[in-house]
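Right, one structure below, let's go through it.
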Amino acid sequence: MKILVIGDMVVSPDTMADAVKLLPFHSKHVVKLNWNTKTSEEFSQRILNIEKNGPESDPFPPELCQEIEDTDVLLVHFAPILAEIIRKANKLKLIGICRGGTENVDIESATKKGIPVIHVIRNAEEVAEFTIGLILTETRNIARGHEALKKGLWRKDFSNSKTISTIKGKKIGIIGLGHIGKLVAKKLGGFEVSILAYDPYVSEETLSNIGVKVEMVSLEKLFKESDVITIHARLTHSTQNMIDERLISLMKPTAYLINAARAGLLDEKAFCRALTEGRIAGAALDVFWSEPLAPDHILIKCDNVTLTPHLAGRSVDSRSNSPYLLAGAISDFLEKGNLDLVINAELVNTQKIINDLKDF
């Protein structure tokens, strides 16, 4: 079996090759490629380009065209895997991505060829914890109070001063109940809140069976009734700008909007208008439509928003451990038939792939 790994300056090819040892295959011929970037700034810019414009927008390792032809399993971090590459993959049976985002892989082309794509939510705990932090920071003016003190001001009055409250007893709306959304729901349970949730791919019964207590509602109901709304959906063509003027206009004037997922889920102009016009109480963002956030962006001047520079998923071990998490996810897929992390599970014959790969 030929396994092709493509690393980069953050997750090295050597680390990915080491993680391959955990895969349940008897024979493994590992080929290592590197997606070259010279600086961390270039790496960040290329990532942002791919997230916004897809795998076709960025160069791939030149050796990939030849190496992919006889590859059985492809493991990748951020390198772009476009339709052209997948068409050349004559033997490819599985693609693994050692991160939560899948923008660097042409999922549609893989699905057309019947290739399962597996990813891992390597920083789910980090993002879930950070989301709780953003909720508390924005609703209780923690960051604004800190900023004022650093400037020598003993500030007590804020734009939400007349409505400041604990979140106990409030309704929290969660959009997207993937791995991170579920964790946020579980962690919020300790705050004695009511949770409304929207996810067309998850049932309330399924969630209840794993200890996640939420009320599944429509997007409209969620936006009308929630005191805090936090976004955890996946960014796709169909979810781009899903939170638009219509939905934002349904929010209570005392409600808050939190986004530590993907900026593209939120209509920038509609959101900024609502915030600057005071039609919602406030917001907290860790992701932006262009990063780094321009110093003259209108949000910089807003006093009713908490801004952090895309920190939610960062911890000392989330990236370096991701290849090993991916190896575990692939093993669970092959040995237990676990489809939780198979992105296109409903569209490909997963059992056939499991049977084919068990022959190795």
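Of the strands (runs of 3 or more DSSP E) entirely within the stretch 153-253, those holding at least 1 residues that are over 27 Å from PHE288 (Cα atoms) occupy 194-198. Residues in the stretch 169-224 that are among the charged types (D, E, K, R) and touching a helix residue (DSSP H, G or I) at 6+ places or on another chain (Cβ under 6 Å): LYS171, LYS187. One residue stands out in the stretch 180-192 among those that are surrounded by fewer than 19 Cβ atoms within 10 Å (Cβ to Cβ) and not small (Gly, Ala, Ser): the one that is farthest from the chain's Cα centre (by Cα), namely GLU192. Among the residues of the stretch 263-271, is there at least one that is outside any helix (DSSP H, G or I) and out of contact with any helix residue (DSSP H, G or I) (no Cβ under 9 Å at 6 or more places or on another chain)? Checked the stretch 263-271: no residue is outside any helix (DSSP H, G or I) and out of contact with any helix residue (DSSP H, G or I) (no Cβ under 9 Å at 6 or more places or on another chain). Among the residues of the stretch 1-20, just one is over 20 Å from ARG99 (Cβ atoms) and outside any strand (DSSP E or B), namely MET1. Residue-level analysis places ILE231 among those that are crowded, with 22+ Cβ neighbours inside 10 Å and either within 30 Å of VAL105 (Cβ to Cβ) or free of Cβ contacts under 8 Å to residues at least 24 places away in the same chain (or both). Please determine whether any residue of the stretch 342-350 is outside any loop (DSSP other than H, G, I, E, B), among the acidic types (Asp, Glu) and within 30 Å of ASN160 (Cα to Cα). Checked the stretch 342-350: no residue is outside any loop (DSSP other than H, G, I, E, B), among the acidic types (Asp, Glu) and within 30 Å of ASN160 (Cα to Cα).
A count restricted to the stretch 316-330 and to residues that are part of a helix (DSSP H, G or I) and farther than 21 Å from ILE3 by Cβ stands at 0. Restricting attention to the stretch 241-263, the residues that are of a type outside the set (A, V, I, L, M, F, W, C), within 26 Å of LEU183 (Cα to Cα) and at pLDDT 95 or above total 6. Yes or no: LEU92 outside any helix (DSSP H, G or I), buried (at least 16 other Cβ atoms within 10 Å of the Cβ) and not small (Gly, Ala, Ser)? Criteria met by LEU92.
Scanning the stretch 30-47 for residues that are farther than 18 Å from PRO13 by Cα and surrounded by fewer than 18 Cβ atoms within 10 Å (Cβ to Cβ) yields a total of 4.
Residues checked against (1) assigned by TED's automatic domain parsing to the domain that holds LEU235; (2) assigned to a loop (DSSP other than H, G, I, E, B); (3) crowded, with 19+ Cβ neighbours inside 10 Å; (4) of a type in the set (Lys, Arg):
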site: ALA274; (1), (2), (3), (4): yes, no, yes, no
site: ARG279; (1), (2), (3), (4): yes, yes, no, yes
site: SER290; (1), (2), (3), (4): yes, yes, no, no
site: ASP296; (1), (2), (3), (4): yes, yes, no, no
site: ARG314; (1), (2), (3), (4): no, yes, no, yes
site: ASP332; (1), (2), (3), (4): no, no, no, no
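Taking (1) at pLDDT below 95; (2) crowded, with 17+ Cβ neighbours inside 10 Å; (3) not assigned by TED's automatic domain parsing to the domain that holds SER40 in turn, ILE343 satisfies each apart from (3).
The values are calculated or read from the model by the stated rules, or taken from the named source; none is laboratory data. Model, not experiment: these values are computed from the prediction. A quick note on method: Cβ atoms are made from the backbone with ideal geometry, for glycine too, and the neighbour counts reach across all protein chains shown.
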